[in-house]
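The values are calculated or read from the model by the stated rules, or taken from the named source; none is laboratory data. This structure is a prediction, so every number in the text was calculated from the model and none was measured. Note that each Cβ is placed from the backbone with ideal geometry, even for glycine, and that neighbours are counted across all protein chains shown. Surface accessibility is based on the protein's heavy atoms, side chains included, excluding ligands, DNA and RNA. Shrake-Rupley method; radii C 1.70, N 1.55, O 1.52, S 1.80 Å.
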Amino acid sequence: FAVADTTGAGASAVVGSVLVLRGHTGAYLRRQVELWTSVYQKHKTHDIEAMEKLGSWLSSNIPSSTSAGMTLVHGNLRLGHVHVGEKKMETSRITQWEMAGVGDPLLDFAQFFLMYSIDHTLPVVKGLKGLHMPSLGIPTEDECIKFYLDARGLPQTSLTHWHMYLALAFYRLAAHYQQLFHHALMTCDGNLLDKESILAGRVAEHLAEQGNAITSYTW
């Protein structure tokens, strides 16, 4: 809940008091697709059909605008960048702001929300799927979404394109792990790759396949 509150109300407060934003969400989302397509193409080691298919779907399904507005965004918001207080479950800080900028905050939230779709046994990048979240004090997917919408004062209709946001978040993450795999290949100097580097390549394809599965969802 604390992360949803921080990313929701926090971003809105910054925009309301500091930033005068120009542009619209559709253009930002399209630039994201183009950026991560170029990252994937530059670091492609083999054809990944799922990535090609997902990239094509995203290019054809970016809305011209959304109701989320433009705010300050983290750019790489995921569980590993969120630090929780030791004494109670509250966000003490969010780190790794190198990719921060002005953009669509729903994509930030979707990137964080992927933890619900990624299995907790998946190597390299671990999620929450398969865990009994209530016993761990972790809010359900529906609870997390409701808290975020309430924190930003957004209606449920703001999630009309939610499947697109999740698919794009998977696409970004898959391209990132393909980039890591390519880098490992280029720097191994003929030595055997370590296990984590090999798994990064496999994870990229798996994440792209999950992104494709989401494109058929309705919300």
In sequence order, calculated HN-Hα J values of the stretch 28-37 (Karplus, 6.51, -1.76, 1.60; Hz; x Gly/Pro):
4, 5, 5, 5, 5, 4, 5, 4, 6, 5
Too-long pairs where the Cα-Cα distance tops 28 Å, listed order kept, from LYS53/LYS129; LYS126/LYS146; LYS44/LYS146:
LYS44/LYS146
Solvent-accessible surface ranking, highest first, for CYS144, CYS188 at 1.4 angstrom
CYS188, CYS144
Along the stretch 150-155, Karplus-curve 3J(HN,Hα) (6.51, -1.76, 1.60; θ = phi - 60°) to the nearest Hz, with x for Gly and Pro, reads 5, 5, 9, x, 9, x
Starting at the first residue of the stretch 99-105, write each ³J(HN,Hα) from the Karplus equation 6.51 cos²θ - 1.76 cosθ + 1.60 with θ = phi - 60°, in whole Hz, x for Gly and Pro.
9, 5, x, 9, x, 8, x
In nm, spacing of pseudo-spin labels at HIS132 and GLN96 (7 Å Cα→C-beta vector):
3.0
Would you mind checking which residues have amide H under 5 Å from VAL102's amide H? H placed 1.01 Å from N; only 5 or more apart, or other chain.
VAL73
